[in-house]
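Step one of this worksheet: look at the structure below.
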Amino acid sequence: MSNSANGAALPGAGGLGSIFDARQQVSEAVSAGLKRRYARERRFRLYGMLATLFAVVVLGILLFTIIRTGLPAFTQTMIKLSVTLYPQEIDPKGDRDPQTLSSADYQRLVRDALDDYFPDVTSRNDRRELFAMISPGATYVIRSMVMADPSLIGKRIEIEVPLKDDIDQFAKGKIDREADQANRRVSDKQIGWYQRLVDRDLIVSRFNTTLFTAGDSRSPELAGIWGAVVGSFWTMTLTLLMSFPLAVGAAVYLEEFAPKNRWTDVIEVNINNLAAVPSIVFGLLGLAVFIGFFGVPRSSPMVGALVLTLMTLPIIIIASRAALKSVPPSIREAALGVGASKMQATLHHVLPLAMPGMLTGTILGMAHALGETAPLLMIGMVAFIVDIPSGPLNSATVMPVQIYLWSDAPERAFIERASAAIMVLLGFLTVMNLLAVALRKRFEKRW
Amino acid sequence: MIAMQATTGRATDAAASPVPAFMTRDVCVFYGQKQALTNVSLDIHRNQVTSLIGPSGCGKSTYLRCLNRMNDIIDGCRVTGSILLDGQDIYAGSMDVVHLRARVGMVFQKPNPFPKSIFENVAYGPRIHGIAKDKTELEAIVHNSLEKAGLLAEVKDRMDQPGTGLSGGQQQRLCIARAIAVQPEVILMDEPCSALDPIATARIEELIDELREHFAIVIVTHSMQQAARVSQRTGFFHLGILVETGDTEQIFTNPRDKRTQDYITGRFG
Ligand SMILES: Nc1ncnc2c1ncn2[C@@H]1O[C@H](COP(=O)(O)OP(=O)(O)OP(=O)(O)O)[C@@H](O)[C@H]1O
Ligand SMILES: [Mg+2]
């Protein structure tokens, strides 16, 4: 305090004394401010930590709920059946004609097998309830076994077939046994029968391979994500094949070759706008132009990829231009200076240096596209499709749309599968991002 | 002083070579509306080192970049006047800029090796011009150029390591090797020693003196001593004008213009 009083008198004072006073004053001011500066710094760090913590916690909760809901979908409750393949039922003529084998009434065999377990269930209604516990998929299992090996006919086979989704949910403890019968999807009788099956060791829980090998189905226990995965694969491949070369070409042209004038400014503004357009608009455009005008098959990965290409193009262009901009001009000058043409300088030197950035942008764009749902709803990729698409022109759906469809379904088992599908999708995204990192590392090492 | 005497002594002989490599007349350069050079007329002779000196921002780099049309890549840059290389107007439509840059090499102020191997750095020019017939010939060219640039001994065991991993002075010599690998007629150097220590600088000056046997060299420098040591002719730029040009000895001992005198005696700039 007394020093600052001295300081006020400073201009009037002269000689060494005043310089000393001034120094003293500066150091006082610095140390006084120092405390405040450190406090501010601590507060700033705390805010940052809180923000990070918040993000991590929210993400953790999200992941936790998804995993908790989705994990049970990876197992499926099965029933062991002992089915007798009566020749008179399957192949009355005995000529092993595939046509006959394929259209035989296998459901009857399944029912016979169940009747063997429950000889006491005789009334029509009870039997219907009993049979409803087994998935319609059981008949497909038997049929495909018989078709693959007709010599089985006449024998007795031991198989495991999936239980209907409601019973499966009950087995997983998702249905409240105490609730009023009218309010749950499993009846008291079914619970009793299920219990008897458990007591006789006829119920097993198996890894749900169907989830990874089947397409969509009306029955949750028969539904799988493979159809959507293949659809996503085709869509993503085509999107990448179309958007990457186009975007890199456009970015290189705009950044390296185009004159900087009003036209390129207009183009730049438009590209930036395009990146901000709601994705559903691209879906509408795709519907009108690609399907309506060019006649690309509806619901096909091809039309999906065209729409997603439009959507990812601006993202990749912007990232690529930023990557090109970050290449030091001295590299261009060096190449031009030894007599490289503009194109050689770009291809040999600028592009390889910009590639890591471009790839990052591309993978970000692709990850965006992989998770995109809205525009695909507009072009029919939301249709119920059982078959696994065998090419880019077949009808298909993609993973996020499948997730959307399942989360909307009334059956609990579908909700569970939706979460499982989300986990798989997140897995894919993680792999993609790791790939991006690995690729970038490789590129960087080469330089 | 003795060293200067020796080099300038040789300069007078070399100045006798009749046809200049570059003949520039009334060169004006505009960056947009702004005029950076006004009516510069200067000759660059073979087997000589021509140094360009002058205060910062006077247009030395701009002039240098006219000689291999490096200004082309700057938006809004316009060059007028005539610049003849062997009697050919380099700004004429018939002049191919790629060919021109193969004939007129450039070493930049900041070392800018490609982020590739040392070998690739030097081999790049000959490769794109198709100078070498096969791999052995290419290797010979790379060897030769590194040898001439005085870098071979230091790098011959690590030719496949990145050129960016060399020291600043080594990088600059690598850039010189890269420039001479395409056998240009003229080498332009923009402050090649500005980032170097005295030893590396001396090494490069020696090199410039050796290169003079094969090439015409133009060097921009802020060091009066350097200009005096390495060059035979000197041009003094001031505010976009070529104030004075002549034999180095004459410029440094007996400048005709007041501004030149002030500059070399350190009174401004
Ligand atoms: N790309 C450019 N755009 C606009 N003006 C420029 C550009 N490059 C140079 N100039 C201007 O032209 C003038 C000459 O610049 P130049 O780089 O030739 O100077 P210099 O003599 O090389 O200076 P230094 O010794 O600092 O390198 C300067 O006034 C500069 O501001
Ligand atoms: Mg300069």
Over all residues in B:99-106, what is the mean tally of Cβ atoms on other chains that come within 10 Å of each residue's Cβ?
-> 3
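Please report the equivalent ellipsoid semi-axes of segment A:13-108, computed as sqrt(5 x eigenvalue) of the Cα gyration tensor, largest first, in whole Å. It would help to have the intermediate numbers written out before the result.
Working: eigenvalues 1658, 35, 10 Å².
Result for segment A:13-108: semi-axes of 91, 13, 7 Å.
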Among A:196, A:68, A:143, which comes first, then next, by fewest other beta-carbon atoms within 10 Å?
-> A:68, A:196, A:143
Using mean Cβ contacts within 10 Å as the protection proxy, how do A:360-372, A:182-194, B:141-153, A:319-331 order, highest first?
-> A:360-372, B:141-153, A:319-331, A:182-194
Whole-Hz Karplus couplings 3J(HN,Hα) for segment A:270-283, θ = phi - 60° and coefficients 6.51, -1.76, 1.60, Gly and Pro as x, run 5, 5, 5, 4, 4, 5, 9, 5, x, 5, 5, 4, 5, x
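Taking only the Cα atoms of the protein assembly as shown, how large is their convex hull per residue, in Å³? Before the final figure, lay out the partial values.
Values: hull volume 223.3 nm³, N = 716.
Per-residue hull volume (Cα only) is 312 Å³.
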Within 10 Å of each Cβ in A:421-432, the average number of Cβ atoms from other chains = 0
Once the Cα atoms of helix A:351-370 and of chain A are each reduced to a long axis, what angle between those two axes, in degrees from 0 to 90 to the nearest 10, is obtained?
-> 40
Among the aspartates and glutamates, which have Cα under 15 Å from the Cα of residue B:258 when same-chain residues fewer than 8 positions away are ignored?
-> B:244
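Count, for each residue of A:338-350, the Cβ atoms from other chains sitting within 10 Å of its Cβ, then give me the mean as a whole number. Intermediate values should be presented prior to the final figure.
On the way: counts 20, 18, 7, 5, 4, 0, 3, 2, 0, 0, 6, 4, 0.
Taking all residues of A:338-350 together, the mean is 5.
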For residue B:220, the residues 5 or more places away or on another chain with a placed amide H closer than 5 Å to its own amide H are B:52, B:189, B:190, B:191
Length gained when the stretch residue A:66-residue A:179 is fully extended (0.36 nm per residue, less Cα-Cα span) | 38.1 nm
Choice from A:94, A:357, A:283 with maximal GNM fluctuation in chain A (Cα, 10 Å cutoff) | A:94
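Can you give the FRET efficiency for residue B:185 and residue B:35, using 1/(1 + (r/R0)^6), R0 = 25 Å, r = Cβ-Cβ distance, to the nearest 0.05? Before the final figure, lay out the partial values.
Values: r = 29 Å, r/R0 = 1.17.
Taking R0 as 25 Å, the efficiency between residue B:185 and residue B:35 is 0.30.
If you take every residue apart from residue A:269 with its C-beta less than 15 Å away from the C-beta of residue A:269, what net charge results, scoring Lys and Arg +1 and Asp and Glu -1? Before the final figure, lay out each step's value.
Values: positive: A:260, A:262, A:321; negative: A:265, A:268.
Value of the local net charge: +1.
In deg cm²/dmol and to the nearest 500, what is the mean residue ellipticity at 222 nm of chain A if only DSSP H runs of at least 4 residues count, each as -39500 (n - 2.57), divided by the residue total? The partial results should precede the final answer.
Numbers: 19 runs with 281 residues, N = 447.
Here the helix-only value at 222 nm equals -20500 deg cm²/dmol.
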If r is the Cβ-Cβ distance from residue B:250 to residue A:268 and R0 is 41 Å, what FRET efficiency results, to the nearest 0.05?
-> 0.15
Using a Gaussian network model of chain B with C-alpha springs under 10 Å, which one of B:139, B:249, B:120 is most mobile by mean-square fluctuation?
-> B:139
In what sequence, highest mean first, do A:51-61, B:202-212, A:103-113 appear when ranked by Cβ atoms within 10 angstrom?
-> B:202-212, A:103-113, A:51-61
Taking only the alpha-carbon positions of segment A:132-191 as identical scatterers, the Debye log10 I(q)/I(0) at q = 0.30 Å⁻¹ comes out as -1.23
With a point put 7 Å past each Cα toward its Cβ, work out how far residue A:409 is from residue A:441 in nm, to one decimal.
-> 3.9
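When A:263, A:226, A:234 are ordered from fewest to most other Cβ atoms inside 10 Å of their Cβ, what list results? All intermediate terms of the calculation are to be shown ahead of the outcome.
Details: A:263 10, A:226 16, A:234 23.
Ascending Cβ contact count within 10 Å gives the list A:263, A:226, A:234.
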Calculated on alpha-carbon atoms, Rg and Dmax of segment B:110-197 in Å = 12.1, 39
Coil-residue chymotrypsin sites (Phe, Trp or Tyr not before Pro) of segment B:50-120, DSSP, other Cβ within 10 Å capped at 13 = none
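What net charge is computed for the residues neighbouring residue A:209, neighbours being all others with C-beta under 13 Å from the C-beta of residue A:209, Lys and Arg scored +1, Asp and Glu -1? Each step should come with its number before you reach the end.
On the way: positive: A:206; negative: A:160, A:221.
Here the count lands on -1.
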Say R0 is 45 Å: what FRET efficiency, to the nearest 0.05, do residue A:257 and residue B:167 get from their beta-carbon distance?
-> 0.80
Would you pull out the residues with amide H under 5 Å of residue B:117's amide H, same chain only if 5 or more places away, H placed 1.01 Å from N?
-> B:163
Please build a GNM for chain A, connecting alpha carbons under 10 Å apart, and tell me which residue among A:356, A:301, A:87 fluctuates the most.
-> A:87
Which far-off residues, 5 or more places away or on another chain, put their amide H under 5 Å from the one on residue B:243, with H placed in the peptide plane?
-> B:236, B:237, B:238
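Over its Cα atoms, what ratio of radius of gyration to 2.2 N^0.38 Å does segment B:139-263 give? Please list the in-between numbers first.
On the way: Rg = 16.4 Å, N = 125, 2.2 N^0.38 = 13.8 Å.
Compared with the compact-globule rule of thumb, segment B:139-263 sits at 1.19.
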Helix B:118-129 versus the longest principal axis of chain B: what angle, 0 to 90°, nearest 10, using Cα atoms?
-> 80
Please go through segment A:212-318 and write out the trypsin sites (Lys or Arg not before Pro) that DSSP classes as loop and that have at most 12 other C-beta atoms within 10 Å.
-> A:218, A:260
Against the longest principal axis of chain A, how steep is helix A:106-117, in degrees 0 to 90 to the nearest 10, with axes from Cα atoms?
-> 80
Starting from segment B:182-269, pick out the chymotrypsin sites (Phe, Trp or Tyr not before Pro) whose DSSP state is loop and whose Cβ has at most 13 other Cβ atoms within 10 Å.
-> B:268
How compact and how long is segment A:337-447, expressed as Rg and Dmax of its alpha-carbon atoms in Å?
-> 20.1, 69
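Under 15 Å from the Cβ of residue B:66, count the other residues' Cβ atoms, weight Lys and Arg +1, Asp and Glu -1, and hand me the total.
On the way: positive: B:25, B:60, B:65, B:69, B:78, B:101, B:103; negative: A:333, B:26, B:43, B:72, B:89, B:190.
Residues near residue B:66 contribute +1 overall.
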At 10 °C and 1.306 mPa s, grab the translational diffusion coefficient of segment A:41-166 from Stokes-Einstein with a Kirkwood Rh over Cα pairs, rounded to a whole number in µm² per second.
-> 87
So what J values fall out for segment B:163-170 if you push phi through Karplus, 6.51 cos²θ - 1.76 cosθ + 1.60 with θ = phi - 60°, rounded to Hz, Gly and Pro as x?
-> x, 6, x, 7, 6, x, x, 5
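Once you've got the Cα coordinates, tell me which of A:260/A:325; A:93/A:155; B:60/B:116 are over 23 Å apart.
Working: A:260/A:325 14 Å; A:93/A:155 17 Å; B:60/B:116 30 Å.
From A:260/A:325; A:93/A:155; B:60/B:116, over 23 Å: B:60/B:116.
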Using the Cα atoms of chain B to build a convex hull, what is its mean projected area in square nanometres?
-> 14.4
What percentages, rounded to whole numbers, describe P(r) for segment A:369-431 computed over all alpha carbon pairs with 5 Å bin width beginning at zero?
-> 4, 17, 25, 26, 21, 7, 1
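We did not get these values from a lab; they are worked out from the coordinates using the rules stated. Bear in mind that the values here come from a model prediction, so they are computed numbers and not experimental data. Neighbour counts are summed over all protein chains in view; Cβ atoms, including those assigned to glycine, are modelled from backbone coordinates with ideal geometry.
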